[in-house]
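In what follows, a single structure is set out as structure tokens and then discussed.
Just so it is clear, none of the values below were taken in a lab; they were calculated from the coordinates. As the structure is a prediction and not an experimental result, all values here were calculated from the model. Neighbour counts run over all protein chains shown; Cβ positions are idealised from the backbone, glycine included.
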Amino acid sequence: MQGNPKEIRTLIRHGQLSQPTAGLAPGYAQANLVVLPEELAFDFLLFCQRNPGPCPVLEVLEPGTYEPAMTARGADLRVDIPLYRVFRNGALVTEQRDVTGFWDDGQVCFLLGCSFTFEWALLRAGIPLRHIEEHRNVAMYATGIETEPAGIFSGPLVVSMRPIHESKVVRSIQVSSRFPRAHGAPLHIGDPASIGITDLTNPDYGDYVEIREDEVPVFWACGVTPQAVALRSRPPLMITHAPGYMFITDVLDEDLAVL
């Protein structure tokens with residue numbers, strides 16, 4: 001979908017757009033959301049510092065603030081994402097299109113980089129992405145790889161998977177590695193069993209897309225990791241985006257790239 005991020009966020013805010021955000025606002029960075037009580041904010045920031053692959057920090061807001069002034073001035077993180085998740089004590093209790101009813105002034109919002117940010121660079125490099133072609137969510141899997149714990153937070157690393165033609169795998173590494181604040185280079189290429197994934201046809205999050213005979217599954221660290229961590233670490237409250245339903249920022253994707 002063409003259009004600037006503010007226009008798309010307005011559609012989302014008014015309930016006129018409710019789809020996964022892959023393919024929306026080409027050229028602009030997208031972000032994962034995590035909202036936690038203030039007393040857990042330092043632990044989570046430390047968790048992100050120790051796990052920059054799945055949790056690259058783009059912005060941390062002051063307690064009680066929901067306008068991300070550094071990445072999208074005028075936006076409202078309580079209503080500008082198509083679908084949210086709410087976790088309580090390690091359980092997913094609801095999915096909502098608006099989380100103002102769960103908001104209080106003691107909460108801290110984190111925006112983390114997202115691999116949707118570098119997808120346009122992959123497309124510009126001639127690397128097709130089937131989930132965008134088929135208007136589906138990207139496939140995401142919990143792995144057998146453990147994150148580095150911090151405070152109360154620990155749990156498995158989550159990855160996103162994209163089938164890449166075997167002739168374009170090296171190019172996909174080169175392109176995505178320019179975006180370390182959007183998960184960077186792939187974490188793993190090839191055999192999913194070696195990172196603890198037993199069935200590619202049954203993703204833990206998102207939608208499965210076909211892997212053709214001349215393609216290789218390529219896995220990137222994923223910002224859904226905090227949601228898997230919430231299930232084990234059991235914070236009293238964690239608000240997140242639903243997997244694949246991201247916050248669209250006003251930041252150009254190339255502004256997050258390195259040479």
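Remarks
- Karplus-derived HN-Hα couplings along region 245-251 (A = 6.51, B = -1.76, C = 1.60, θ = phi - 60°), whole Hz, x at Gly and Pro: 9, 9, 8, 9, 8, 8, 7
- Kirkwood estimate for region 118-221, i.e. one over the average of 1/r between Cα atoms, Å: 14.2 Å
- Within the listed set Val169, Val35, Val218, the Gaussian network model of the chain (springs between alpha-carbon atoms below 10 Å) gives the highest mean-square fluctuation for Val169.
- Tensor-based shape of region 1-126 (alpha-carbon gyration tensor, a/c under 1.5 rounded, otherwise prolate or oblate): oblate
- For the chain, the cysteines with no partner cysteine C-beta closer than 4.7 Å are Cys109, Cys114, Cys222.
- Over the residues of the chain, the helix contribution to mean residue ellipticity at 222 nm works out to -5000 deg cm²/dmol, using -39500 (n - 2.57) for each DSSP H run of at least 4.
- Size of the chain from its Cα atoms: along the principal axes, largest to smallest, the extents are 52, 39, 33 Å.
- Springs between Cα atoms under 10 Å define the GNM used for the chain, and in it the highest mean-square fluctuation of Thr71, Thr249, Thr201 occurs at Thr201.
- With the simple spin-label model, which puts each label point 7 Å out from Cα in the Cβ direction, the Ala91 to His135 separation comes to 3.6 nm.
- Scanning the chain for GluC sites (Glu not before Pro) that sit in a DSSP loop and have at most 15 other Cβ atoms within 10 Å, the longest stretch containing none of them is 1-133.
- Once the convex hull of all Cα atoms in region 205-259 is built, its volume per residue stands at 162 Å³.
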